[in-house]
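Enquirer: Below: one structure in structure tokens.
The values are calculated or read from the model by the stated rules, or taken from the named source; none is laboratory data. These numbers were taken from a predicted model, which means no experiment stands behind them. Here the Cβ positions follow ideal geometry from the backbone for every residue, glycine too, while neighbour counts run over all protein chains shown.
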Amino acid sequence: MNAFSTTPTISSERAPADIEHMIAGWETWHCDSSTFQHRYVPGATFYVVKGRARLSFAHGVQLDIEGGDFVSIGEGAEALWDIFAPIETRYTYHDGA
């Protein structure tokens, strides 16, 4: 284990007013399963179009999201999604730079 390992950054806020312009060209993801597991390599940013979920990260953080949220998850984060209402997001992966 690296003594300098860091916890991936996770942020969530309400989407800005110009969100539709910001996400033009981003991919769409739909999920109506009850759970979904994902490791973020690379990291990703997404806008929650609709739905509700709780993301439980391997390092102990939990994040509740719903339609209208704008979320960024750093590289290396591992999350279990508990989906309470079918979810749709628009997402983009972070550049590897």
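Enquirer: Anything in region 1-57 that is more than 23 Å from residue 95 (Cα to Cα), surrounded by 14 or more Cβ atoms within 10 Å (Cβ to Cβ) and modelled with pLDDT under 95? List them, or say none.
Expert: Selection gives 36 alone.
Enquirer: Condition first: touching a residue at least 60 places away in the same chain (Cβ under 8 Å) and not in a loop (DSSP other than H, G, I, E, B). Now tell me which residues in region 19-38 satisfy that.
Expert: 27, 28, 29
Enquirer: Also, I was wondering about something else. Could you count how many residues in region 56-94 are in contact (Cβ under 8 Å) with a residue 40 or more places away in the chain, over 21 Å from residue 23 (Cα atoms) and assigned to a strand (DSSP E or B)?
Expert: Pass one, region 56-94, residues in contact (Cβ under 8 Å) with a residue 40 or more places away in the chain: 57, 59, 61, 63, 65, 68-83, 86-94.
Okay, now just the ones that are also over 21 Å from residue 23 (Cα atoms), so 57, 59, 61, 63, 76-83.
After this cut, where a residue has to be assigned to a strand (DSSP E or B) as well, the list is 57, 63, 78-83.
Selection size over region 56-94: 8.
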